Amino acid sequence: TKTAQALTVEGLTVHYGGVCAVRDLSFAVPAGEAIGVIGANGAGKTSTLKAVMGLVPRKVGTLRYGDVDLSRVHARAMVRHRIGYVPEGRHVFAGLPVEKNLLLGAYVRKWNAETRATLAEVYEMFPVLGEMRGRLAGALSGGQQQMLAIGRALMARPRLLLLDEPSMGLSPKLVEEILAVLLRLRSEGLSLLLVEQNAKLTFEATSSCLVVENGEVAMRGTSAQLRHDPQVRRIYLGL
Ligand code: ATP
């Protein structure tokens, strides 16, 4: 049951009242691959992820995960299709202990030996969470909260993980740690859809990327191509 499946998104549009945040966006996350979406503040990256998850009203031509049509699947049911979501700003439950936050991520699963094994895997991947399992999540640093948010999503055993700006507000050293986590998840066969303002991190973590501007695809290509593109280097890498 480890087989990864492809996510296919065709003709995705998001409106907030009169504001068009995403316009006719199409992309795919092939099985087992990591795909990046980069763009400036307000380009429509968060709206894209939320629309895939069904968290904002959307119009979409095709939204499919493997054989499953997701266009009518409610956000709450996504996790049952093995799709995980790590929201922007982490949204951990600050008043609950670290371990309780993790267990909440497994709410769709039975509490059994398998769930315990997943918890052990999460603590193995993020030793600091194990050390702080009894502490309130609100007492963790920003980087630790980001690890917790990722760990919580992993508790549901996703095959595809959608991540919204995991590097936000983190020091360069912690961004390196996030990169290491993303590369490890890839090596374990997870598919990733990574939305980021940090283009450098994204190019290192993914095989190909979309560049979005004003809700539309401005450029797309392999991450290796894009990181050498003069325009991308100037606008998104500040080089
Ligand atoms: P950020 O990096 O700030 O998250 P983003 O690329 O993720 O930016 P979105 O958050 O998707 O961009 O926003 C895209 C556009 O939609 C922006 O113009 C934003 O102001 C607008 N927008 C986002 N959410 C809403 C909302 N709930 N109501 C109205 N407009 C919104």
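Read the figures in this text as sums done on the coordinates, not as results from a lab. Keep in mind that what you see is a predicted model, and the values were worked out from it rather than measured. No Cβ is skipped: glycine too gets one built from the backbone with ideal geometry, and neighbour counts run over all protein chains shown.
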- Query: Across the Cα atoms of the chain, what radius of gyration and what greatest pairwise Cα-Cα distance (Dmax) are found, in Å?
  - Reply: 17.3, 52
- Of all DSSP beta bridges with both partners in the chain, the antiparallel percent, nearest 5, is 55
- Message: Tell me the net charge near Gly221. Cut-off is 12 Å between Cβ atoms, Gly221 excluded, with +1 for each Lys or Arg and -1 for each Asp or Glu.
- Response: +1
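Please state the shape class of the stretch 154-193: rounded when a/c is under 1.5, otherwise prolate if a/b exceeds b/c and oblate if not, all from the C-alpha gyration tensor. List each step's numbers first, then the result.
Details: a/c = 2.53, a/b = 1.74, b/c = 1.46.
Taking the square roots of the gyration eigenvalues as a ≥ b ≥ c, the stretch 154-193 is prolate.
Just how large is the dipole of the stretch 132-239 about the Cα centre, in debye to the nearest 20, putting +1 at every Lys and Arg Cβ and -1 at every Asp and Glu Cβ? Please list the in-between numbers first.
Numbers: 13 positive and 10 negative charges, 76 e Å.
Here the stretch 132-239 has a charge dipole of around 360 debye.
Of the lysine pairs in the chain, how many meet both conditions: Cα atoms under 22 Å apart, and a spacing of 8 or more in sequence or different chains?
Details: Lys2/Lys110; Lys45/Lys59; Lys45/Lys200; Lys50/Lys59; Lys100/Lys110; Lys173/Lys200.
Taking the Cα cut-off of 22 Å, the pair count is 6.
Give me the net charge of Ala94's neighbourhood, meaning all other residues with Cβ under 15 Å from the Cβ of Ala94; Lys, Arg count +1, Asp, Glu -1. Mind showing how you got there, number by number?
Values: positive: Arg90, Lys100, Arg135, Arg152; negative: Glu99.
Around Ala94, the charge tally is +3.
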- Item | Rounded to 10°, Cα long-axis angle of helix 142-154 versus longest principal axis of the chain | 90
- Task: Give me the distance between the Cα centres of the stretch 109-130 and the stretch 1-44, rounded to whole Å.
- Result: 30
- So for the stretch 60-175, using the alpha carbon gyration tensor with a ≥ b ≥ c as root eigenvalues (a/c under 1.5 gives rounded; past that, a/b versus b/c decides prolate or oblate), I'd call it oblate
- Report the relative contact order of the chain, percent, no decimals, based on alpha-carbon pairs under 8 angstrom and at least 6 residues apart. 28
- Query: Taking the stretch 115-232 as the region of interest, what is the percent of Cα-Cα pairs per 10 angstrom bin, listed from the shortest bin to the one with the maximum distance?
  - Reply: 12, 42, 31, 12, 3
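Could you give the length gained on full extension between Asp24 and Arg109, defined as 0.36 nm per residue of separation minus the Cα-Cα distance, in nm?
Values: separation 85, 0.36 × 85 = 30.60 nm, distance 3.53 nm.
Length difference between fully extended and current span is 27.1 nm.
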- Query: Over the stretch 1-133, what per residue volume does the convex hull of the Cα atoms give, in whole Å³?
  - Reply: 145
